[in-house]
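The values are calculated or read from the model by the stated rules, or taken from the named source; none is laboratory data. From a predicted model like this one, the values you see are computed outputs, not experimental measurements. Cβ placement follows ideal geometry from the backbone for every residue including glycine, while neighbour counts extend to all protein chains displayed. Ligands, DNA and RNA are excluded from the accessible area calculation, which covers all protein heavy atoms including side chains. Shrake-Rupley method; radii C 1.70, N 1.55, O 1.52, S 1.80 Å.
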Amino acid sequence: MNRYPVRLYANPDPAPGRWLWLVKWLLLIPHFVVLAVLWIVLVVLTLVAYVAVLITGRYPTGIYDFNVGVLRWSWRVGYYGYQALGTDRYPPFALADVPDYPAGLDADPPRPLPRWRPLVAWLLAFPHVLIVAALTGGWRVYDDGDTVVYVSGGLVAVTVLIVGVALLFTGRHPPGLYALLVGVARWVTRTIAYIVLLTGAYPPFRLDQGAREPDHIPPAPDDADHRTAALM
């Protein structure tokens, strides 16, 4: 069985609230503040990890665990909030896995990486960055003057709004749209994980929708790099 090394999972609430999504932005402010700091630390530590991989070919375990924890925390917040609206259970303030929370992130242990990978990871990931930007970004609207008006019109923003309206009137997640939002979040997470060097497996160009990862994913081309590095 081949699985992508960094995996998202989710379990939607069977009876979500109709109106709570309207105020989740306010409830999540403490998480936003903490995550802003954590992501700054992640960037700094990733640069340290880049240097470590260049010199040793190995990702420092402590940095790896921290960076995985930041991605895990971010996904729980996004799942509760405006990345999926998948649960009304408030996310915990924790880097560690919380098995009974409806959303989580699993990651395989770090493996040896080619020493040259930090030099090109960001460049190799650029096609995925463009796709992720198209899926999650907003529209830019210009008026007749010099003022620029930004209108959030990315796929995620529009879809979350539709899901929110559906919850308000029906109390249910539209299954297809929910699966789409989780799939987009999965693509975003895989792209970040590759750039941050949590894995050397190149992300597939595929929107894997739904609450669970597919059981079988073809081996990434970089698996050969892992085997070669392991022998060095």
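In plain terms, the bigger the Kirkwood radius, the slower the diffusion; for region 24-73, with that radius from Cα pairs, at 20 °C and 1.002 mPa s, Stokes-Einstein puts D at 181 µm²/s. Rolling a 1.4 Å probe over the heavy atoms of the protein chains gives region 11-129 an accessible area of 49 Å² per residue.
Let me know the shape class of region 1-140, please: from the alpha-carbon gyration tensor, a ≥ b ≥ c as square roots of the eigenvalues, rounded when a/c is under 1.5, otherwise prolate if a/b is greater than b/c, or oblate. Let's see the in-between values first.
On the way: a/c = 1.94, a/b = 1.72, b/c = 1.13.
Prolate, since a/c reaches 1.5 and a/b exceeds b/c.
I want the local charge near residue 192. Using Cβ-Cβ distances under 13 Å, sum +1 for each Lys or Arg and -1 for each Asp or Glu among the other residues. Result for the local shell: +3. Between the C-alpha center of region 48-62 and that of region 88-109 there is a gap of 26 Å.
What FRET efficiency, computed as 1/(1 + (r/R0)^6) with R0 = 30 Å and r the Cβ-Cβ distance, is obtained for residue 34 and residue 172, rounded to the nearest 0.05? Can you show the working numbers first?
Working: r = 31 Å, r/R0 = 1.05.
Step by step, r from the Cβ atoms, then E = 0.45.
Over the Cα atoms of region 84-141, the radius of gyration divided by the Kirkwood radius equals 1.10; this is the Rg/Rh ratio.
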